[in-house]
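Structure record follows, encoded as C-alpha coordinates.
The values are calculated or read from the model by the stated rules, or taken from the named source; none is laboratory data. Just so you know, these numbers come straight off a predicted model, no measurement behind them. Virtual Cβ from ideal backbone geometry, glycine too; neighbours counted across all protein chains shown.
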Amino acid sequence: MTNDSGVHEKGTITISDVLSNIRKKEAFRKAGAIATFIGVVRGETLGGQKVKKMTLEAYEEKANEVLAKISEDLTMKPGIVDVQIHHLLGDFDVGEDLVYVSVAGAHRKEVFAVLEEAVERYKSEAPVFKKERIVDAKGKAIEYWVSEKQGH
(Lines give C-alpha, C1' and ligand atoms only; values in the text may rest on other atoms or scores of the structure.)
Protein backbone atom coordinates (compact mmCIF):
# COMPACT_ATOMS: atom_id res chain seq x y z
CA MET A 1 0.00 0.00 0.00
CA THR A 2 1.32 3.39 -0.94
CA ASN A 3 1.14 6.41 1.35
CA ASP A 4 0.45 8.75 -1.54
CA SER A 5 -2.55 9.56 -3.68
CA GLY A 6 -2.61 7.85 -7.04
CA VAL A 7 -3.96 5.02 -9.15
CA HIS A 8 -3.76 1.41 -8.02
CA GLU A 9 -4.72 -1.95 -9.44
CA LYS A 10 -7.96 -3.26 -7.97
CA GLY A 11 -7.31 -5.30 -4.84
CA THR A 12 -4.08 -3.56 -3.82
CA ILE A 13 -5.63 -0.94 -1.51
CA THR A 14 -8.72 -0.73 0.68
CA ILE A 15 -10.51 2.10 2.47
CA SER A 16 -9.10 0.67 5.72
CA ASP A 17 -5.57 1.09 4.32
CA VAL A 18 -6.30 4.73 3.43
CA LEU A 19 -7.72 5.56 6.86
CA SER A 20 -4.87 3.78 8.62
CA ASN A 21 -2.34 5.74 6.58
CA ILE A 22 -4.02 9.05 7.45
CA ARG A 23 -4.04 8.21 11.16
CA LYS A 24 -0.31 7.33 11.11
CA LYS A 25 0.80 10.74 9.92
CA GLU A 26 2.21 13.06 12.54
CA ALA A 27 -0.07 15.92 11.45
CA PHE A 28 -3.12 13.78 12.29
CA ARG A 29 -2.92 14.98 15.91
CA LYS A 30 -4.40 18.27 14.62
CA ALA A 31 -7.43 16.53 13.09
CA GLY A 32 -10.89 16.59 14.57
CA ALA A 33 -12.63 14.93 11.62
CA ILE A 34 -12.13 12.59 8.69
CA ALA A 35 -14.60 12.53 5.81
CA THR A 36 -14.51 9.87 3.12
CA PHE A 37 -16.10 9.44 -0.29
CA ILE A 38 -16.24 5.98 -1.82
CA GLY A 39 -17.21 5.86 -5.49
CA VAL A 40 -18.79 2.56 -6.57
CA VAL A 41 -20.01 1.03 -9.83
CA ARG A 42 -23.62 2.09 -10.33
CA GLY A 43 -25.95 -0.65 -11.61
CA GLU A 44 -27.61 1.49 -14.25
CA THR A 45 -26.80 4.41 -16.47
CA LEU A 46 -28.55 7.74 -16.07
CA GLY A 47 -30.63 6.65 -19.07
CA GLY A 48 -31.82 3.56 -17.19
CA GLN A 49 -29.73 0.95 -19.02
CA LYS A 50 -28.45 -1.97 -16.97
CA VAL A 51 -24.70 -1.90 -16.30
CA LYS A 52 -23.05 -5.33 -16.29
CA LYS A 53 -19.39 -4.43 -15.76
CA MET A 54 -16.97 -1.53 -15.90
CA THR A 55 -13.30 -1.32 -16.82
CA LEU A 56 -11.10 1.52 -15.62
CA GLU A 57 -7.80 2.43 -17.22
CA ALA A 58 -5.52 5.43 -16.78
CA TYR A 59 -2.57 7.24 -18.21
CA GLU A 60 -0.92 6.13 -14.97
CA GLU A 61 2.10 8.42 -14.76
CA LYS A 62 0.00 11.52 -15.45
CA ALA A 63 -2.88 10.32 -13.23
CA ASN A 64 -0.49 9.82 -10.30
CA GLU A 65 0.93 13.30 -10.88
CA VAL A 66 -2.53 14.92 -11.09
CA LEU A 67 -3.94 13.15 -8.03
CA ALA A 68 -0.85 14.04 -5.99
CA LYS A 69 -1.11 17.69 -7.09
CA ILE A 70 -4.80 17.90 -6.17
CA SER A 71 -4.03 16.37 -2.76
CA GLU A 72 -1.12 18.76 -2.17
CA ASP A 73 -3.16 21.81 -3.23
CA LEU A 74 -6.07 20.92 -0.97
CA THR A 75 -3.88 20.00 2.01
CA MET A 76 -2.68 23.62 1.97
CA LYS A 77 -6.19 24.92 2.75
CA PRO A 78 -6.76 26.26 6.27
CA GLY A 79 -7.59 23.56 8.80
CA ILE A 80 -6.82 20.64 6.47
CA VAL A 81 -4.34 18.01 7.68
CA ASP A 82 -4.33 15.43 4.85
CA VAL A 83 -6.07 14.72 1.54
CA GLN A 84 -5.78 11.36 -0.17
CA ILE A 85 -7.26 10.28 -3.51
CA HIS A 86 -6.84 6.63 -4.50
CA HIS A 87 -8.40 5.57 -7.81
CA LEU A 88 -8.63 1.87 -8.60
CA LEU A 89 -8.01 0.36 -12.04
CA GLY A 90 -9.11 -2.91 -13.60
CA ASP A 91 -12.39 -4.75 -14.20
CA PHE A 92 -15.28 -4.12 -11.80
CA ASP A 93 -18.72 -5.54 -11.13
CA VAL A 94 -21.72 -3.50 -10.03
CA GLY A 95 -21.33 -2.32 -6.43
CA GLU A 96 -17.55 -2.61 -6.29
CA ASP A 97 -15.40 0.28 -5.06
CA LEU A 98 -13.73 2.46 -7.71
CA VAL A 99 -12.23 5.36 -5.77
CA TYR A 100 -11.45 6.44 -2.22
CA VAL A 101 -11.17 10.12 -1.31
CA SER A 102 -10.42 10.96 2.32
CA VAL A 103 -9.89 14.33 3.95
CA ALA A 104 -8.70 14.89 7.51
CA GLY A 105 -8.95 18.28 9.11
CA ALA A 106 -9.53 20.28 12.23
CA HIS A 107 -13.28 20.81 11.76
CA ARG A 108 -16.08 19.10 9.85
CA LYS A 109 -17.15 22.13 7.78
CA GLU A 110 -13.66 22.52 6.30
CA VAL A 111 -13.38 18.77 5.76
CA PHE A 112 -16.74 18.47 3.96
CA ALA A 113 -16.00 21.40 1.65
CA VAL A 114 -12.56 20.06 0.72
CA LEU A 115 -13.93 16.53 0.22
CA GLU A 116 -16.42 17.83 -2.33
CA GLU A 117 -13.73 19.86 -4.09
CA ALA A 118 -11.39 16.86 -4.18
CA VAL A 119 -14.07 14.68 -5.80
CA GLU A 120 -14.98 17.31 -8.40
CA ARG A 121 -11.33 17.92 -9.23
CA TYR A 122 -10.28 14.28 -9.65
CA LYS A 123 -13.32 13.68 -11.88
CA SER A 124 -12.46 16.58 -14.16
CA GLU A 125 -8.63 16.54 -14.04
CA ALA A 126 -7.35 12.97 -13.69
CA PRO A 127 -6.79 10.97 -16.91
CA VAL A 128 -8.82 7.95 -15.79
CA PHE A 129 -11.05 6.32 -18.39
CA LYS A 130 -14.19 4.22 -17.88
CA LYS A 131 -15.60 1.61 -20.24
CA GLU A 132 -19.14 0.50 -19.40
CA ARG A 133 -20.63 -2.79 -20.49
CA ILE A 134 -24.39 -2.44 -20.56
CA VAL A 135 -27.48 -4.32 -21.70
CA ASP A 136 -29.90 -2.17 -23.69
CA ALA A 137 -33.71 -2.35 -23.58
CA LYS A 138 -33.70 -5.10 -26.22
CA GLY A 139 -31.22 -7.23 -24.26
CA LYS A 140 -28.29 -6.42 -26.54
CA ALA A 141 -24.85 -6.16 -24.88
CA ILE A 142 -23.03 -2.92 -25.69
CA GLU A 143 -19.74 -1.49 -24.43
CA TYR A 144 -18.45 2.05 -24.76
CA TRP A 145 -16.04 4.52 -23.19
CA VAL A 146 -17.78 6.94 -20.83
CA SER A 147 -17.07 10.66 -20.77
CA GLU A 148 -17.60 12.45 -17.47
CA LYS A 149 -19.23 15.18 -19.54
CA GLN A 150 -22.04 12.74 -20.31
CA GLY A 151 -22.98 12.84 -16.64
CA HIS A 152 -21.95 9.30 -15.67
Qualifying residue in the stretch 131-142 (condition: under 24 Å from Asn21 (Cβ atoms) and not β-branched (Val, Ile, Thr)): no
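Say we look at the stretch 21-36 and pick out the residues that are of a type outside the set (A, V, I, L, M) and closer than 22 Å to Ala113 by Cα; which of these is surrounded by the fewest Cβ atoms within 10 Å (Cβ to Cβ)? Can you show your working first?
Taking the stretch 21-36 as the starting set, the residues that turn out to be of a type outside the set (A, V, I, L, M) are 21, 23-26, 28-30, 32, 36.
Okay, now just the ones that are also closer than 22 Å to Ala113 by Cα, so 21, 23, 25, 28-30, 32, 36.
On the way: Asn21: 19, Arg23: 13, Lys25: 15, Phe28: 14, Arg29: 8, Lys30: 14, Gly32: 13, Thr36: 16.
Selected residue: Arg29.
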Breaking point among (1) of a type in the set (S, T, N, Q); (2) under 16 Å from Val99 (Cβ atoms); (3) modelled with pLDDT of 95 or more, for Thr2: (3)
All strands (runs of 3 or more DSSP E) inside the stretch 37-152 with 3 or more residues being exposed (fewer than 13 other Cβ atoms within 10 Å of the Cβ): 141-146
The stretch 64-79 residues that are closer than 26 Å to Phe129 by Cβ, paired with ones that are among the aromatic types (Phe, Trp, Tyr) and at pLDDT 95 or above (beta carbon under 7 Å, 6 or more apart): Leu67/Tyr122; Ile70/Tyr122
Qualifying residue in the stretch 55-73 (condition: closer than 24 Å to Gly95 by Cα and of a type in the set (Val, Ile, Thr)): yes
Candidate set from the stretch 89-139 (those that are under 17 Å from Met54 (Cα atoms) and acidic (Asp, Glu)); member that is modelled with the lowest pLDDT: Asp136
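Quick check, is Asp17 more than 22 Å from Glu120 (Cα to Cα) and either without any contact (Cβ under 8 Å) to a residue 40 or more places away in the chain or in a helix (DSSP H, G or I) (or both)? Lay out the reasoning, then the answer.
Details: more than 22 Å from Glu120 (Cα to Cα): yes; either without any contact (Cβ under 8 Å) to a residue 40 or more places away in the chain or in a helix (DSSP H, G or I) (or both): yes.
It is true that Asp17 is more than 22 Å from Glu120 (Cα to Cα) and either without any contact (Cβ under 8 Å) to a residue 40 or more places away in the chain or in a helix (DSSP H, G or I) (or both).
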